[in-house]
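Below: the structure, in structure tokens.
Since every read-out is calculated from the coordinates, none of them should be taken as a lab result. Just so you know, these numbers come straight off a predicted model, no measurement behind them. Here Cβ is always computed from backbone atoms with ideal geometry, including for glycine, and neighbour counts include all displayed protein chains.
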Amino acid sequence: MPVDPMLSAYSDLVFKAAVAVYTIAMLMHAVEYVLARTTAPVPALAGASAEGEVGGTLTATPPDGERAVPAGGRTRSDRFGGMAVSLTVLGVLLHVGAIVLRGLAVGRWPLGNMYEFASAIGLAAVVTWLVVLRRTPSIRRVGAFVLPPVLILLYLAGTVLYAQAAPVVPALQSYWLIIHVTTVTIASGLFLVAGFASIAYLLRRSGKLSGFTAKLPSVEALDRLAYRISAVAFPLYTFAVIAGAIWAEAAWGRFWGWDPKETVAFIAWVVYAAYLHARATAGWRTTGAAWINVLGFATVMFNLFFINMVVAGLHSYAGL
């Protein structure tokens, strides 16, 4: 099927718009984080009523340690956080539109090169964040740390990794592209969010940057966030590795050949299996498990960039 240059151009334009909206959302989250107060309790004021009101207008212990505000009101931090979330949702809609337009432009599943793959990982990470935020609104401040790595990934996708819309080589013209690469993409997006949750956990727990990290959720909340996301991502990643082996047998006549990308993917699988095991093991379930999770995230990123772009192998075509 010939490439439609107009749809391809629209896709690139909408992708840039999505990145711009994500950037504004990140800045809004940063303002929210700066304006927020730490979670230290506010001392009760003299004359406070049993319901925590002073004269019926101000709360004695404002939620989230914010400054006292009129009952039923919202702090400036809350307003900026709400705008950040709304902009993130808009960015997701634009991002989905860019990927759909790319697929229509080339007449195939839009995961055939590194640009498309990295863009889809970024989308999976942001959608993961929104789902988590929907379930646990109290961790919204973490958005100031989740969006920056996503934006870095999307910037690299749109510059260093960018590829013109084009058909894929015959080896990629298979339904396994949809199954294997899509599952890897979703799992990688989940691991991205989980990895940065563990990084935030380690920073919060160390106390070395207490003035900077004091506004983050508790270490328990960050650890729980990293674990739950990884617990969802690991089975998906396991399926992706198995599907890749089946595709390799169909394309190259063997299930496993220790190709560099296969090898590092297997190492990442072992690391994440070790993380889930450590998380349930006494003496490892806190700091030790978090470091293993960070190592797993680093392995996935190493596989994405260094192995795809530097090391030659059977996956070298199309950057996959």
Extension gain (nm, one decimal) between Phe302 and Val232, 0.36 nm per residue minus Cα-Cα: 23.1 nm
Estimated FRET transfer efficiency (Thr287, Val96; beta-carbon r; R0 35 Å; 0.05): 0.40
Computed P(r) (all Cα pairs; the stretch 169-320; 10 Å bins; percent): 11, 38, 29, 16, 6, 1
Gap separating the Cα centres of the stretch 172-216 and the stretch 89-127, nearest whole Å: 18 Å
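For the stretch 169-320, what is the relative contact order in percent, using Cα pairs closer than 8 Å and at least 6 residues apart in sequence?
Details: 157 pairs, mean separation 41.6, N = 152.
Value for the stretch 169-320: 27 percent.
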Ascending count of other beta-carbon atoms within 10 Å, so fewest first, for Thr136, Thr299: Thr136, Thr299
Descending principal axes extents, the stretch 222-291, alpha-carbon based, whole Å: 44, 19, 15
Long-range amide H partners of Ala163 with built H, under 5 Å: Tyr115
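How do Trp176, Trp258 line up, fewest other C-beta atoms within 10 Å first?
Working: Trp176 16, Trp258 8.
Neighbour counts put them in this order, fewest first: Trp258, Trp176.
Go through 119-130, 279-290 and give me the packing order, highest mean Cβ count within 10 Å leading.
Working: 119-130: 24.0, 279-290: 15.4.
Top to bottom by mean Cβ count within 10 Å: 119-130, 279-290.
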